[in-house]
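The values are calculated or read from the model by the stated rules, or taken from the named source; none is laboratory data. Computed from a prediction, not measured in an experiment: that's the story for all the values here. Neighbour counts run over all protein chains shown; Cβ positions are idealised from the backbone, glycine included.
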Amino acid sequence: MKGSPEALASRTEQEPQPRRIVLQFAGQGVKPEDIISCAAQLGRIDNDRLTANIAIAKEVSDLPVGEFLTGLCNTPEFFQNNALAQLAIHTLNVTAGDIALRQLQQPDSQSSITAVIGHSLGEVAAMDIAGVFPSRRESMEFVFARGTAMNEAHHKKPGNLYAIVDLGEEAVKELCLSLNTTIALENSPKGFVVAGELNITDKLTAQATARGARNVIALGLPGFHTEKYMSSAQAALRQWSEGRPYQTARFPVFSNFDAKLATNGAALANNHLNSVTSPVLWQATLAAVRQFAFGDNVIFITLGPGGNLAAINRGNGIPLRQTMTLEQLRTAQA
């Protein structure tokens, strides 16, 4: 019969099922040239949208965000201004998110957004695209406050992030005890980033390679996601955030802090503030997302500058076919 369970099951098997899409937003670990390239690409796709977002970023900060994105002030000292760098990357992230969202919401789209996630700074863009902030301006204000607080914390207590390439968790923990460093990002089973004092690359490299690491890379970023270096930033952000409105997310957002999903805007903002002094649990987040989105059916759309997200996906065993760039998304749905 037309409405029988057998007929419904048969019809369901025959009808194409929407792809489960997870939007991924980039963090701050990108090169200046990646930022310029991404800005140029987004400008070609939708210059009006990019220009509008740059205008909001500049309005809330009075910083040269547009010049930064085009390379006119992309000198080392500007790149080390954390408030400016974070605002610039956030501007690219949300612009890419706007374009992806528009693409995925076309009437003939065979895809549905299952969740949104962001790596460190990218989590603010994930919350923005999910509608946690009442307006785009308020997400820009959040990032400006974040970058400013982190910049000030770094000047009070300078630190650096170091990527330990191809070393497992137990060996990394031994390394941290030996050299008084702290795990800041758990990106993959053999992809950890630690925070430590400035200029310890040689010491870290010697001990890490002796334990089997392939390399150590000094990232030139403050000691993010650690109590040692970012406690004052967290306190300043909590004070700034108090009483600000946050809305229910329209898509589940998986938090870097505990790798759990939430839609309560205040809870998501609080988790993000918690992660200022806690490691980014990206490996656990990706695992939770894949379980939530039924594993092999999920497609990750990487948004923002650089190719780090795709590389980290590979490091977590996610097949290449399950990671897609914004350009690939647009081409696939053209």
Item checked: Evaluation of E186 against (1) touching a Ser or Thr at 6+ places or on another chain (Cβ under 8 Å); (2) of a type in the set (D, E); (3) surrounded by 19 or more Cβ atoms within 10 Å (Cβ to Cβ) (one fails), failing number -> (1)
Next item on the list: State which residue is surrounded by the most Cβ atoms within 10 Å (Cβ to Cβ) when the search covers only region 238-258 and only residues that are over 18 Å from I21 (Cα atoms) and within 17 Å of the chain's Cα centre (by Cα).
Entry: N256
Check: Hey, any hits in region 312-323 for a residue that's small (G, A, S) and either part of a helix (DSSP H, G or I) or surrounded by 13 or more Cβ atoms within 10 Å (Cβ to Cβ) (or both)?
Finding: yes
Check: When the residues of region 1-51 are filtered to those that are modelled with pLDDT under 85 and among the charged types (D, E, K, R), which remaining residue is farthest from N81 (Cα to Cα)?
Finding: K2
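Give the residue, chosen from A126, A115, that is under 14 Å from N93 (Cα atoms), of a type in the set (G, A, S) and touching a strand residue (DSSP E or B) at 6+ places or on another chain (Cβ under 6 Å). Full working, then the answer.
Details: A115 fails: under 14 Å from N93 (Cα atoms).
So the residue among A126, A115 that is under 14 Å from N93 (Cα atoms), of a type in the set (G, A, S) and touching a strand residue (DSSP E or B) at 6+ places or on another chain (Cβ under 6 Å) is A126.
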Checklist line | Contacts under 7 angstrom Cβ, first residue in region 249-278 being over 19 Å from P134 (Cβ atoms), partner crowded, with 22+ Cβ neighbours inside 10 Å and among the β-branched types (V, I, T), 6 or more apart | finding: F254/I117; F254/T285; F254/V289; N256/V280; N256/T285; A259/T285; L261/V253; T277/T226
Notebook entry, point to check: Looking at region 108-129, which of its residues are farther than 28 Å from P222 by Cα and not β-branched (V, I, T)?
Noted result: D108, S109, Q110, S111, S112, A115
Checklist line | Scope region 41-60; condition under 19 Å from F144 (Cβ atoms), free of Cβ contacts under 8 Å to residues at least 60 places away in the same chain and aliphatic (A, V, I, L, M); matching residues | finding: L50, A52, I54, A55
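Looking at the structure I just gave you, is L281 in contact (Cβ under 8 Å) with a residue 24 or more places away in the chain and buried (at least 21 other Cβ atoms within 10 Å of the Cβ)?
Taking the combined requirement at face value, the residue satisfies it.
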Note to self: Anything in region 59-85 that is at pLDDT 75 or above, assigned to a helix (DSSP H, G or I) and crowded, with 17+ Cβ neighbours inside 10 Å? List them, or say none.
What the structure shows: V60, S61, V65, G66, F68, L69, N82, A83, L84, A85
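Only one of these is outside the structural domain of D62 (by TED's automatic domain parsing) and free of Cβ contacts under 8 Å to residues at least 24 places away in the same chain: L177, L167. Name it. Working first, answer last.
Details: L167 fails: free of Cβ contacts under 8 Å to residues at least 24 places away in the same chain.
Step by step, each of L177, L167 is checked, and only L177 is outside the structural domain of D62 (by TED's automatic domain parsing) and free of Cβ contacts under 8 Å to residues at least 24 places away in the same chain.
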Notebook entry, point to check: Any residue in region 272-291 that is out of contact with any Cys (no Cβ under 7 Å at 6 or more places or on another chain), among the charged types (D, E, K, R) and in a helix (DSSP H, G or I)?
Noted result: yes
Item checked: Breaking point among (1) surrounded by fewer than 19 Cβ atoms within 10 Å (Cβ to Cβ); (2) of a type in the set (G, A, S); (3) touching a Phe, Trp or Tyr at 6+ places or on another chain (Cβ under 6 Å), for A88 -> (1)
Item checked: Verdict on L204 being in a helix (DSSP H, G or I), of a type in the set (A, V, I, L, M, F, W, C), in contact with a helix residue (DSSP H, G or I) (Cβ under 6 Å, 6 or more places away or on another chain) and modelled with pLDDT of 95 or more -> no
Check: So, in region 212-254, of the ones that are among the hydroxyl-bearing types (S, T, Y) and assigned to a helix (DSSP H, G or I), which residue ends up nearest to Q28 (Cα to Cα)?
Finding: Y229
